[in-house]
1. Determine, yes or no, whether R54 is modelled with pLDDT of 85 or more, among the basic types (K, R) and open to solvent by 50 Å² or more (accessible area, probe 1.4 Å).
2. For the stretch 24-51, what are the residues that are among the small types (G, A, S), out of contact with any Leu (no Cβ under 9 Å at 6 or more places or on another chain) and at pLDDT below 85?
3. Which members of the stretch 63-96 meet the condition of being over 17 Å from R32 (Cβ atoms), modelled with pLDDT under 85 and surrounded by 12 or more Cβ atoms within 10 Å (Cβ to Cβ)?
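The values are calculated or read from the model by the stated rules, or taken from the named source; none is laboratory data. Note that the coordinates shown come from a computational prediction; the quantities given were computed from them, not determined experimentally. Note: ideal-geometry Cβ built from the backbone for every residue, glycine included; neighbour counts use all protein chains shown. Each accessible area value is taken on the protein alone, full model and side chains, heavy atoms only, with ligands, DNA and RNA left out. Shrake-Rupley method; radii C 1.70, N 1.55, O 1.52, S 1.80 Å.
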Amino acid sequence: MLRWAQLDAWGDPLTSVLGEINSGGDVDLVDRLRRVLQVFCLPSPPQLLPGIRRAMLEGPETTLTLNAEQERAYRDHCEKVVQILSADDRFTYVTHRALYAM
């Protein structure tokens, strides 16, 4: 919807706001927002949910230990996040990947 409004030539209010957001430079902020929303829409790996639920009940200082299957699911999920946020930019990919214990 954001991309469609950004490309819309009719000048509706959303298109005007998106134009103002992007008028600050060479960065496509609408595209960045779209990628962030894609990350928010990623489903949680089902293998991780039982352990996370247990940890939530025990409190904020609980250590969560993952078995091999859970660790693989966690790493795969982190990789998906990094790929979405990086948008095929190698430098950004390496930088984002450094943020996660993979």
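1. no
2. Result: G24, G25.
3. L64
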